[in-house]
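Worksheet: one structure, shown below.
The values are calculated or read from the model by the stated rules, or taken from the named source; none is laboratory data. Here the structure is a predicted model, which is why all the values come from computation and not from measurement. We place every Cβ from the backbone using ideal geometry, glycine too, and count neighbours over all the protein chains shown. Side chains are part of the model used for accessible areas, which takes the heavy atoms of the whole protein and leaves out ligands, DNA and RNA. Shrake-Rupley method; radii C 1.70, N 1.55, O 1.52, S 1.80 Å.
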Amino acid sequence: MAAAQGVDRALGDGSVRAIVLTGAHGLFSAGADIREFNTPKARAEPNLPTLIAAVEASQKPVIAAIGGTCMGGGLELALGCHFRVATAGASIALPEVKLGILPGAGGTQRLPRALGLEAALNMIVSGATVPAAKLRGAALFDEVVDGDALAAALAFARRIVAEGRPAKRLRDVALREPNAEAFLQFARTTVAAVSAGYPAPLKCIDAVAAALKPFEEGVRIERELFVQLLESPESRGLRHAFFAERAAARIPGVDENARARPIERAAVIGAGTMGSGIATSLASAGLPVTLVEAKQEALDRGMASIRRNVEAAVKRGKVDAAAAERTFARVEPGLGYDDIAQADLVIEAVFEDMDVKLGVFRELDRRAKPGAILASNTSTLDLDRIAAATQRPQDLIGMHFFSPAHVMKLLEVVRGAKTSDAVLVSAMQLAKRIGKTAVVARVCDGFIGNRMLEQYVRQALFLLDEGASPQQVDRALERFGMAMGPFRVSDLAGNDIGWSIRKRRYVEKPGVVYSRIADRLCESGRFGQKTGAGWYRYEPGRREALPDPAVDALIAEYRRERGLEPRQIGEEEIVQRCVYALVNEGAQLLDEGIALRASDIDVVYLTGYGFPRYRGGPMFHADTVGLYNVVRAMRRFAADPRLARGDPGFWKPAPLLAKLAAEGKTFND
């Protein structure tokens, strides 16, 4: 470690009176390289605890000059220094909890001594980033300045040497909190209620509680808890997710000379829920947007929806009222295609019907300026067919937002057969600009997310045929960690949307077996929350999903008509069938080259479909279970005539899955 060598040289140089630690490029440190966790490098000396111990024991004052980023192990090092000088805008955080671990180099022991128990606990348990200016006046910083951190720290160092000021060591501070036990119990109760499946937040509280003990004992407890979490499957899943999101931005095979096209103005065609959400997202990132509709009434509804979106952001504390007004002012309403003439990017967000979309893109081809990027928000349709309706297929790309588009992080960027590298790079850069996590997919029916979802939902419906109830399936998958079960999700999105897609599937895929129980539900007008009744019932003004005897009766009648004998189905079977259906279809997508990487599939399901982050995504979860065990379970399902009744070929492992399982490998090898 270069820092350790530098400190040793300074300590051995008699002409050095004080030591200032800082980082390169105006930053302090973003922390440890988490790629080294669980490797010999993490244990190699000199490691971070050794460096902190050397700094803390120094007889010469050591001052941390903190600018830019000071997070994780970087903040732990700064806490080990005798003094700290920071710029007001420096970003301060101990974000380890987001990776399923806790600070392991004394951070949980020194930060409470610098900020007090409550403030330190809030930072550590949340992993939140705080500007240094908000911590002004606490013992964490000796000075918070508006200028250059290094210059201020050097001046501070000269001053304390001249004054003969003694070094301050946070480890020597006695933490006195009269109501500590009551506060910690309250914190445990509160955190336990919101951290199901995540062991790190409660372990963080245990570690911070140890700061009330003598320092060495507290550090020992912290280290034990750190090691426990580091080896946990939840931490491995969270670290996989961290790297997967970064890998998704790298697109192999793209011309390295391809330059993004400038996007200074955008237009959105369609002012419905999706179109208004997309416009909100673009405008929130500073882009002027024209929202286009054919009729004034629909346009007015869309503008009103954008107004509600920005007002909701103010209520949530995301932006202030002035910023919300600036966002709204960036959206210009327009009737007809004449209003898109100056747009660098035009995003179509009309009804999910091929004929409708073809009509829109023929108009865009005629009206959009040369070089404009034409994007479709289609969630399932053939992008290459849409591109073929234009004279500029190289300019066309899929940008599949997820509803609500101004909130959801995922953006599926669909690369058509003729999409240029420049347009692909432009879409990826725009995604970053508007705060989205982008994943590239090739063209197929449903792309990555919805193609996999179809198999997940098919299994959920077969489970109803066989004896499960909607609430039983939802409960099992929510206990597994899904944000919502499939039937609650369907009610939220609108059951008629899935019904419309299935009708198309029945024509396009006549050999594929589907349960028709969801169709029966829709035929009775139960479209979900918007009609007050779906798989559940909903009371006016409330979104609570309430079991409905009418649905039980509908399902029972359907089974009688089909001659289906219901049976008891356990939670393990429910979870395995639904999740392994995702995994098998994901493997098929990799085989076909629709998805670039297994980790990209994980990112899609973590950011767009509510898959539990601590499980790392469906493909990583399968790796954790063991692909041999996944295939073994699938073959067991295939051999059971009660399950195979729906589709005998459903449980045939995808070639890639079968190959990897036979070789003892994983998707991420």
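At a glance:
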quantity: Alpha carbon convex hull of the range 478-532, projected area averaged over orientations, nm²; calculated: 4.6
quantity: Computed lengthening from V356 to A553, 0.36 nm per intervening residue step minus Cα-Cα distance; calculated: 67.1 nm
quantity: Label-point separation in nm, V161 to W499, each point 7 Å along Cα→Cβ; calculated: 8.0
quantity: Burial order of peptide ranges 561-570, 631-640, 600-609, 342-351 (average beta-carbon count within 10 Å, highest first); calculated: 600-609, 342-351, 631-640, 561-570
quantity: Coil-residue trypsin sites (Lys or Arg not before Pro) of the range 148-179, DSSP, other Cβ within 10 Å capped at 11; calculated: R176
quantity: Among beta bridges that DSSP assigns inside the range 391-468, antiparallel share in %, nearest 5; calculated: 40
quantity: Whole-percent carbon and sulfur share, accessible surface of the chain, 1.4 Å; calculated: 53
quantity: Added length on full extension, which subtracts the Cα-Cα distance from 0.36 nm per residue, A88 to F243; calculated: 52.8 nm
quantity: Fraction of alpha-carbon pairs over 16 Å apart in the range 49-145 - percent; calculated: 50
quantity: Coordinate range along principal axes, alpha carbons of the range 192-349, Å, largest first; calculated: 71, 44, 25
quantity: Rounded FRET efficiency, nearest 0.05, which uses the C-beta distance separating E363 from E224 and R0 of 56 Å; calculated: 0.30
quantity: Size-normalised alpha-carbon gyration radius of the range 175-279, reference 2.2 N^0.38 Å; calculated: 1.81
quantity: Positive-end residue, the chain charge dipole about Cα centroid, Cβ charges, pick of L121, V413, G511; calculated: L121
quantity: Unit charges on C-beta of K, R, D, E only; dipole of the range 469-625, Debye; calculated: 360
quantity: Karplus (6.51, -1.76, 1.60) ³J(HN,Hα), θ = phi - 60°, over the range 293-310, in Hz, Gly and Pro reported as x; calculated: 9, 7, 10, 4, 4, 5, 5, 4, 4, x, 5, 5, 5, 5, 4, 5, 4, 6
quantity: Shape parameters for the range 611-669, alpha-carbon atoms, Rg then Dmax in Å; calculated: 12.5, 35
quantity: Rounded to 5, percent antiparallel among DSSP beta bridges of the chain; calculated: 20
quantity: The range 223-380, accessible area per residue, ligands and nucleic acids excluded (1.4 Å, Å²); calculated: 47
quantity: For the range 539-669, alpha-carbon Rg relative to the globular expectation (2.2 N^0.38 Å, N residues); calculated: 1.26
quantity: Size of charge dipole - the chain - debye, nearest 20, with Cβ of Lys, Arg +1 and Asp, Glu -1, no other charges; calculated: 420
quantity: Spin-label model distance (nm) - K659 vs R316, 7 Å beyond Cα toward Cβ; calculated: 4.2
quantity: Cα convex hull of the chain - mean projected area over all directions, nm²; calculated: 33.2
quantity: At R0 = 22 Å, FRET efficiency that the Cβ-Cβ distance of E332 and D255 yields, to 0.05; calculated: 0.05
quantity: Additional length obtainable on full extension of the chain from T189 to E561, 0.36 nm per residue less Cα span; calculated: 129.0 nm
quantity: As computed over the range 88-212, the Cα convex hull volume per residue (Å³); calculated: 115
quantity: Top positive-direction residue, dipole computed over the range 521-605 with Cβ charges, set Y538, L589, C578; calculated: Y538
quantity: Surface/4 of the Cα convex hull for the range 335-468, nm²; calculated: 9.2
quantity: Within the range 254-328, trypsin sites (Lys or Arg not before Pro) in DSSP loop having at most 10 other beta-carbon neighbours inside 10 Å; calculated: R259, K295, R316
quantity: Residue-normalised accessible area of the range 417-470, expressed per residue, 1.4 Å probe, Å²; calculated: 26
quantity: Cα lying deepest toward the dipole's positive end in the chain, options A550, A388, G664, charges on Cβ; calculated: G664
quantity: Contact order relative to length of the range 357-462, as percent, for alpha carbon pairs under 8 angstrom and 6 or more apart; calculated: 25
quantity: Accessible area per residue in Å² at 1.4 Å probe, computed on the range 42-162; calculated: 32
quantity: Computed helical MRE - 222 nm, the chain, DSSP H runs ≥ 4 contributing -39500 (n - 2.57), nearest 500; calculated: -15500 deg cm²/dmol
quantity: Virtual spin-label span in nm between A182 and A483, 7 Å along Cα→Cβ; calculated: 3.8
